[in-house]
Amino acid sequence: MTGRTPTVRTHRSRIASAGIAGLLLLSGAQAAHGAQATRAAEGAPVAVAADNPYERGPDPTESSIEAPLGHYSVDDFDVPSWYVSGFGGGTVYYPTDTGDGTFGAVAVSPGYTAGKETMEWLGPRLASRGFVIIVIDTNSRFDFPASRGDQLLAALDYLTEDSGVRDRIDPDRLGVMGHSMGGGGSLEAAKERPALKAAVPLTPWNTDKRWPELRTPTLIVGAERDSVAPVATHSEPFYASLPGDLDRAYLELNNADHFAPNFSNTTIAKYGISWLKRFIDDDTRYEQFLCPIPRPSLTIEEYRGNCPHSS
C-alpha cells in the first residue's frame, strides 16, 4: 500500500430499515482473503507482523501520527436510534481494507447536552489508523456518567454482535473514549467491564473521584483552563486514584478549556492514537510516543504516568 493516499468517503449510508442496513454493510465485509498475499506479490508491505498479529499499518513516525488521516481508507454509516437498544444510535467509521485481518473497536461518547457531532472528528482520524469506531448519541442529552458508561458498552456490543461490520472486529480488543460526562462514562465502562483494553477519558466529569478498581490501561486528558471539570477536582484525582501498578497516564493540555476535545486537536489525537494502538493492538511501535514521558511544551502543560510495562 506504499504511496496510497488515504481517503474518507463522505457519503453516509442513511439506513432506512434493518434489512437495508444488513445489505449495505455485509456487502463490504465479503472481501477476498487473498488481498494480503496480492499486496506482498506487488512489493507492498504487509501490515501484520509475524511477532504481533495485531499490528496494523506501517511503522509510525512523528509526522504520520500527527497527520489528519492515517494509512487506511475509511467509510462510514449512520445507525438510527430505533435500530439499536441501550444507546441512542450513532455513526460507525471503519477501514475499507479487509486484507489485514480484524481490527480493534472503540466507542466514543459526547458530553452533557452534546450530540455525536461534537466528537465525530475522531471517527475518521482513528479509523484510518486501523480501528472500527462508533461515535454515539446518548439516549438523552442529559444522561449522567453511569448511564453513558452503560451506553458505551451497549454500543460495543452492537458493533461486535449485530452490526454489519462485526466480522471486521476482534471482540477481545475493545476500548472506550468520551468527553466530559462521556469521559466520566468511559471510566464507568472500564469499571464495569475490566476486559476492556484501553480507556481515554477527555476532560472527564464525574461525582465519583476514586477509581482504584480499574484494571483497564487508562489515559486521562485534562485541560489547564477547564472551568467545567477543573483538573484539581476531576482529572487529577481520577488519575491519582488509579492503581499504581496499572498502565496509566495523565496528559494536561496547555492553555486549553473544557471544550478542547470538541474540535480537531493534534495533541489529543497523537497521544490517544498511541494509547489505543499500544493497548488495543499491543503495538509496541507506538511506545516511542509514550516513553520517555512527554515533556511540557506549547501544547502540553504536564504529563504524568509510567512507561508501558513492556518498556
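Any read-out appearing in this document is the output of simple, stated calculations on the displayed coordinates, not a laboratory observation. None of the values given here were measured: they were computed from a predicted structure. Quick reminder, even Gly has a Cβ in these numbers, built from the backbone with ideal geometry, and neighbours come from all protein chains shown.
If you take the charge dipole of region 54-305 about its Cα centre, with +1 on Lys and Arg Cβ and -1 on Asp and Glu Cβ, which of Phe77, His234, Ala260 is farthest toward its positive end?
It is His234.
Using amide H atoms built in the peptide plane, which far-off residues or other-chain residues are under 5 Å from Asp97 H to H?
Correct list: Ser73.
Where a Cα-Cα gap under 24 Å defines reach, which lysines qualify for Lys116, not counting those fewer than 8 residues away within the same chain?
Of all the lysines, those that pass the test against Lys116 - Cα under 24 Å, at least 8 places apart if same chain - are Lys191, Lys197, Lys270, Lys277.
Per-residue HN-Hα couplings for region 155-172, Karplus 6.51 cos²θ - 1.76 cosθ + 1.60 at θ = phi - 60°, whole Hz, x for Gly and Pro?
Once rounded to whole Hz, the list reads 5, 5, 5, 4, 4, 7, 10, 10, 6, x, 9, 4, 6, 8, 10, 8, x, 8.
What are the residues whose amide H is under 5 Å from the amide H of Val79, where those residues sit 5 or more places off or on another chain and H is modelled from the backbone?
Gly90, Thr91, Val92
For region 100-208, which chymotrypsin sites (Phe, Trp or Tyr not before Pro) are in a loop by DSSP, counting at most 13 other Cβ atoms within 10 Å? Working shown, then result.
Details: sites: Phe103, Tyr112, Trp121, Phe131, Phe142, Tyr158, Trp205; in loops: Tyr112, Trp121, Phe142, Trp205.
Loop-located and lightly packed - Phe142.
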